[in-house]
Amino acid sequence: MIRALGAVVDVQRRDGGVRLSVDAAGLKETPTPGDSVAVNGVCLTMAAHNSTVLDFDVIPETLARSNLGELTAGAHVNLELSLKVGERLDGHLVYGHIDATTIIVRIEPEGQGVRMWCAIPPALAPLVCEKGYVALDGISLTVAAVEEAGFAVALIPETLKRTTLGRKRTGDVLNIEADPVARYVAAVLRNRN
């Protein structure tokens, strides 16, 4: 689960990349330069900080694969510190290695929560299966259903309240990370042929 919400303070374009500044006052501990922090599920190395504002250098490769290039001052982001050896594992393994972005196709009320449908990027189709998992903007979620062109996740009220997903609308772009185990199994099978 996401540990805190942050707010983008500044986005400075630099040599094809971005210097991203995020107010991370909600984090219980302040990382130090060189530490990894997931921002919307993207594992970034903190370059500097000033009080609660953390700075990250986002390179063109990361911008091409994620939604970080679309962020503007005031945008809310999900924040997660790296898991330390010996800490409790909460949910699925999420590495912060974003595969691509996906678009929210529809959001349907369901009980106390919602069912959010997203497009499946074609390259990830073999890695998304019902009851498997994906991470969307860093939030580890079980896949509730799969159709030819999309998949759904069922979101409970707590997830909607504690993460940015409660603010998302149809057409919004999310970062997607496929289940790393599925990724490795697919690579082994591909290389056997």
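The values are calculated or read from the model by the stated rules, or taken from the named source; none is laboratory data. Small disclaimer: the values here were computed from a predicted structure and weren't measured. Counting neighbours? That spans all protein chains shown, and the Cβs are built from the backbone with ideal geometry, glycine included.
Structure values in brief
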{"read-out": "Residue list for the stretch 135-162, restricted to those being in contact with a strand residue (DSSP E or B) (Cβ under 7 Å, 6 or more places away or on another chain), surrounded by fewer than 21 Cβ atoms within 10 Å (Cβ to Cβ) and part of a loop (DSSP other than H, G, I, E, B)", "value": "A149, I156"}
{"read-out": "From the options M46, M116, residue that is surrounded by 14 or more Cβ atoms within 10 Å (Cβ to Cβ), touching a Pro at 6+ places or on another chain (Cβ under 6 Å) and at pLDDT 95 or above", "value": "M46"}
{"read-out": "Close pairs (8 angstrom Cβ cut-off, 6 or more residues apart or separate chains): at positive phi in the stretch 152-180, part of a strand (DSSP E or B) anywhere", "value": "G171/I103; G171/I104"}
{"read-out": "Unmet criterion (only one of (1) within 13 Å of L174 (Cβ to Cβ); (2) assigned to a loop (DSSP other than H, G, I, E, B)) for C118", "value": "(2)"}
{"read-out": "Among the candidates L27, L63, residue that is in contact with a strand residue (DSSP E or B) (Cβ under 6 Å, 6 or more places away or on another chain) and on the phi < 0 side of the Ramachandran plot", "value": "L27"}
{"read-out": "Number of the condition not met by G34 [criteria: (1) small (G, A, S); (2) in a loop (DSSP other than H, G, I, E, B); (3) touching a residue at least 40 places away in the same chain (Cβ under 8 Å)]", "value": "(3)"}
{"read-out": "V94, sole failed condition from (1) in a strand (DSSP E or B); (2) buried (at least 19 other Cβ atoms within 10 Å of the Cβ)", "value": "(1)"}
{"read-out": "Single residue of the stretch 6-31 satisfying the filter (assigned to a strand (DSSP E or B) and among the hydrophobic types (A, V, I, L, M, F, W, C)) that is farthest from H76 (Cα to Cα)", "value": "V18"}
